[in-house]
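Novice: Have a look at the structure that comes next, please.
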Amino acid sequence: MPSFFKNQKSKNNLPPQADQTSSEQTASSLKNLLSENLTLIKEKTGNSSDIVIRHFKIGVNNSLAAAIVYIKGIVDNQSIQDYLLQSLMKDNQKTELNDQNALELISEDIVTIGNVSFADNWNDLLSSLMSGDSLLIVDGISRVLSVSTQGGEKRSISESTTQMVVRGPKGAFTESIGTNLAMVRRIIKTPDLWLESMKIGRVTKTDVTLMYIHGIANDKVVKEVRKRLKNIDIDSILESGYVEQLIEDQTVTPFPTIYNTERPDVVAGNLLEGRIAIFVDGTPFVLIAPALFIQFFQSAEDYYARFDIATSIRLLRVFMFMISLIAPATYVAVTTFH
């Protein structure tokens, strides 16, 4: 797969020692001084205008300098204001904080957001920042508290435009992978619905999630899909079509080998049949593997019709497909050669 970025070739041609030195610098530990960490963040992000840095004081008598760093547009501003800034600037005046226990006490007693984690190197820090987390940096501490504040503008759930039905649910997937996973969770309420998340793409670091029902899906198929996803080495994943082309068996064929849908009920039905769903962040189309030829003659509405009617309609679709292939050739042969 050719690189999509011109400078990628020069990076790959670097000597092994230079490449190793560059990776070590990226994964190096953070600095103790707040000003140095903020300066390095600005340098690594190109001093981008959407990087927001909010300075404030914490602790008794405002003894510690701190800052919150986040990217405007991909965070929930209300969560930062209500559950992070307000807690840190108003509710911690009686808490004795120092440069030894500040982050631990903040994460346990002050911050009211559920998902928090620590980052002690630049790889984890930048990954959290670019994912929509807010970073809490305290002066004198070489660690950072990453607070989950993902948000921003998202498209609301709407009706499917490619697989419309008369009977059945109307909701379709959106571009948010979290929303898509939750829509399937609402249908299949079992702890055996297992998810495995990974990031694919050296530049985009796109979130990709593997979903299957443990005990129904074939373990060998799950292992094979997981292996193929982890073997993908590419700069960017912009849509699920990238993943489909990189993991399918046959590329020189007019027939698709992986099914795709934007309906959560179709995904749930295929999961219950033992198939595996692949969710890609940024697209409403979910991949389902493995795909069968007869599966492409099935409509989403077949799940809600009586079995004999649904089977008859599906056979009728196959019959009409064969007629559309054979009838024109038969007509030409009869009229031409009598």
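The values are calculated or read from the model by the stated rules, or taken from the named source; none is laboratory data. If you're wondering where the values come from, they're calculated on a predicted model, not measured in any experiment. Cβ sites come from the backbone with ideal geometry, for glycine too, and all protein chains shown count toward neighbours.
Novice: Which of the residues spanning the stretch 87-108 are of a type outside the set (S, T, N, Q), modelled with pLDDT under 80 and either exposed (fewer than 13 other Cβ atoms within 10 Å of the Cβ) or over 18 Å from Ile68 (Cβ atoms) (or both)? Let's see the steps before the verdict.
Specialist: Restricting attention to the stretch 87-108, the residues satisfying the condition of being of a type outside the set (S, T, N, Q) are 88-91, 94, 96-97, 99, 102-106, 108.
Narrowing the set further to residues that are modelled with pLDDT under 80 leaves 89-91, 94, 96-97, 99.
Answer for the stretch 87-108, where residues must be of a type outside the set (S, T, N, Q), modelled with pLDDT under 80 and either exposed (fewer than 13 other Cβ atoms within 10 Å of the Cβ) or over 18 Å from Ile68 (Cβ atoms) (or both): Lys90, Lys94, Glu96.
Novice: How many residues are exposed (fewer than 13 other Cβ atoms within 10 Å of the Cβ) and modelled with pLDDT under 90 if we restrict to the stretch 64-77?
Specialist: We begin by selecting, within the stretch 64-77, every residue exposed (fewer than 13 other Cβ atoms within 10 Å of the Cβ); these are 72-73.
Of the ones still in play, those that are also modelled with pLDDT under 90 are 73.
Number satisfying all stated conditions: 1.
Novice: Which pairs do you get when a residue that is over 13 Å from Asp249 (Cβ atoms) and in contact (Cβ under 8 Å) with a residue 24 or more places away in the chain, found in the stretch 224-235, comes within reach of a residue that is part of a helix (DSSP H, G or I) and hydroxyl-bearing (Ser, Thr, Tyr), reach meaning Cβ atoms under 8 angstrom, with the pair 6+ apart or on two chains?
Specialist: Qualifying pairs under 8 Å: Ile234/Tyr242.
Novice: Right, next: Any idea which of Asp133, Asp139 is in contact with a strand residue (DSSP E or B) (Cβ under 6 Å, 6 or more places away or on another chain), under 24 Å from Glu196 (Cα atoms), of a type in the set (Asp, Glu) and surrounded by 16 or more Cβ atoms within 10 Å (Cβ to Cβ)?
Specialist: Criteria check complete, one pass: Asp133.
Novice: Are any residues in the stretch 154-195 closer than 28 Å to Asn218 by Cβ, under 17 Å from the mean Cα position of the chain (by Cα) and charged (D, E, K, R), and if so, which ones?
Specialist: Arg185
Novice: Taking only the stretch 276-304 into account, find how many residues are in a helix (DSSP H, G or I), within 18 Å of Pro256 (Cα to Cα) and without any contact (Cβ under 8 Å) to a residue 40 or more places away in the chain.
Specialist: So the count comes out to 4.
Novice: Report the residue count in the stretch 199-221 for those that are within 29 Å of Asp235 (Cα to Cα) and exposed (fewer than 14 other Cβ atoms within 10 Å of the Cβ). Reasoning before the result, please.
Specialist: Within the stretch 199-221, the first condition is being within 29 Å of Asp235 (Cα to Cα), and the residues that meet it are 199-212, 220-221.
After this cut, where a residue has to be exposed (fewer than 14 other Cβ atoms within 10 Å of the Cβ) as well, the list is 203, 220.
Result for the stretch 199-221: 2.
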